[in-house]
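The values are calculated or read from the model by the stated rules, or taken from the named source; none is laboratory data. Small disclaimer: the values here were computed from a predicted structure and weren't measured. When we count neighbours, we look across all protein chains shown, and the Cβ atoms used for this are built from the backbone with ideal geometry, even at glycine.
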Amino acid sequence: MAKTSATARPTITLRSSAGTGTSYVTEKSRRNDPDRLVLRKYDRAVRQHVEFRETR
């Protein structure tokens, strides 16, 4: 099936708060998460779990 709406689940970039430049690319639901997303994920550059924040 084709995607119904590109605006309902936009593709976002999560950038590391450790300042290493590491990033993840994912999709989010605007209905469930209208604000900017913050997730704790693994940063390979510092070998730790750090906060990744949504960038636009």
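Numbers below:
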item: Among (1) surrounded by 10 or more Cβ atoms within 10 Å (Cβ to Cβ); (2) at pLDDT 95 or above; (3) among the hydrophobic types (A, V, I, L, M, F, W, C), the one test that residue 8 misses; result: (2)
item: Pairs, first in a loop (DSSP other than H, G, I, E, B) in the stretch 7-33, second acidic (Asp, Glu) and surrounded by 12 or more Cβ atoms within 10 Å (Cβ to Cβ), C-beta under 9 Å, six or more apart; result: 17/43; 17/51; 18/43; 18/51; 20/43; 22/43; 28/54; 33/54
